[in-house]
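Structure record follows, encoded as structure tokens.
Readers should treat all values here as calculations from the given coordinates under stated rules, not as data from a laboratory. Fair warning: this is a prediction, and the values are worked out from it, not measured in the lab. FYI the Cβ positions are ideal-geometry reconstructions off the backbone, even for glycines, and counts take in every protein chain you see.
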Amino acid sequence: MSAPEALRIGEFARRVGVSTALLRAWERRYGLLRPVRSPGGFRLYGTEDAERVARMRRGLAQGLSAAQAARAAVAEARPSAGLLEDAAARLLQAIREYDEATLQAVLDESFAAFGLEAVLRELILPALAQVGREWEQGALGISQEHFASNLIRARLMSLARLWGRGGGPVALLACAPGEQHDITLLAFGLVLRSHGWRIIFLGADTPIATVSEVAESTQPAVTVLASFDPARLDAESAPLRRLAKRIPLFLSGPGATEELCERLRLQRLDGDLIEAAHDTAHGAGS
Ligand code: B12
């Protein structure tokens with residue numbers, strides 16, 4: 001089998017000799033395939049996917065059940081997981097030591113090797129959570145947390161250059177009034193951008209009246225308001241309810257709890273930001 005690089009499902013299926021229906025089922029049920037997205041939002045399959053399919057077929061030929069074969073096929077791909085774990089350890093050490101050059105180098109290598117989503121999921125978000133835990137326990141200072149979040153934010157912002165360009169649907173992204181945690185919203189925007197969406201990013205601490213004005217003038221397909229603290233959303237319940245009557249509005253982030261969104265009868269983007277970005281992209285039919 002040749003080593004396909006970034007192929008759409010039909011061509012990939014031909015190369016690996018497995019039907020598209022079966023490949024989709026293996027992807028959905030067992031996470032066997034890990035496609036990246038083209039700028040137009042298509043799933044693209046590469047060499048590592050082909051290798052996992054080959055291992056899956058070997059497992060099936062040896063009489064394993066599909067679930068067992070998939071587990072074995074995914075487990076054998078651990079070298080890259082190991083590299084990411086190593087990168088995570090180096091990243092945290094760089095944060096502890098205010099070592100900017102190493103932090104940038106780890107991100108350079110990781111983005112090049114693993115791509116945006118894997119780096120967000122396996123490296124950047126866990127590192128932020130770990131920084132939060134160690135900060136809470138007093139093992140890291142506010143200085144290290146600020147050092148890390150400023151560099152990571154700048155790094156993600158640099159990937160956002162020209163994310164407003166193109167012909168895709170528009171997403172308007174803002175944090176609730178008083179809310180400073182905007183890195184996850186930025187990450188959400190980058191994943192949505194990888195589906196071909198255009199992003200208008202207002203970032204931290206945005207008054208609801210401002211969100212409303214911008215939504216009025218730019219007519220986004222969705223507006224996403226993020227918060228880490230439910231109180232910041234609750235405090236704006238009346239203007240938010242009014243806004244939601246006029247535009248497709250979603251609350252998100254750890255502050256957009258199920259209880260709050262049900263009580264305010266507002267739509268919620270729940271869970272993992274990467275999955276939420278995929279769902280948003282597909283929901284609006286891009
Ligand atoms: C970096 C950071 C900051 C930076 C933010 C920089 C920036 N521009 O974003 C700064 C320094 C500004 C900051 C300030 C504060 N922070 Co802070 N901060 C953090 C830290 C370390 C990381 C935040 C982050 O990006 N997390 C990313 C991931 C790890 O969070 P997550 O919840 O797992 O995210 C998942 C889902 O929730 C979801 N999700 C999250 N956001 C979004 C957005 C969208 C659109 C979607 C769809 C999904 C989604 O997807 C993620 C997984 O895929 C966290 C620690 C932590 N565990 O998060 C504390 C943390 C959030 N901060 C905290 C606190 C207390 C504060 C301050 C009040 C501190 C102070 N006394 O000043 C202020 C509040 C500022 C304000 N007014 O908003 C607490 C919150 C406690 C609580 N439950 O209320 C935390 C948890 C730290 C702690 N352990 O105590 N902080």
Residue match in region 182-189 (condition: more than 8 Å from the ligand (Cβ to nearest atom), in contact (Cβ under 8 Å) with a residue 60 or more places away in the chain and of a type in the set (Phe, Trp, Tyr)): no
In region 89-110, residue surrounded by the most Cβ atoms within 10 Å (Cβ to Cβ) [restricted to those that are in contact (Cβ under 8 Å) with a residue 40 or more places away in the chain and in a helix (DSSP H, G or I)]: Ile95
Region 128-153, subset surrounded by 11 or more Cβ atoms within 10 Å (Cβ to Cβ) and not in a helix (DSSP H, G or I), residue nearest to the ligand (Cβ to nearest atom): Leu140
Pair list, Cβ < 8 Å and 6+ apart or interchain, from region 235-262 residues that are among the aromatic types (Phe, Trp, Tyr) to residues that are part of a helix (DSSP H, G or I): Phe250/Thr280
Of the criteria (1) within 12 Å of the ligand (Cβ to nearest atom); (2) under 27 Å from Ser158 (Cβ atoms); (3) crowded, with 19+ Cβ neighbours inside 10 Å, which one Ala256 fails: (2)
Some residue of region 206-222 being crowded, with 18+ Cβ neighbours inside 10 Å and within 15 Å of the chain's Cα centre (by Cα): no
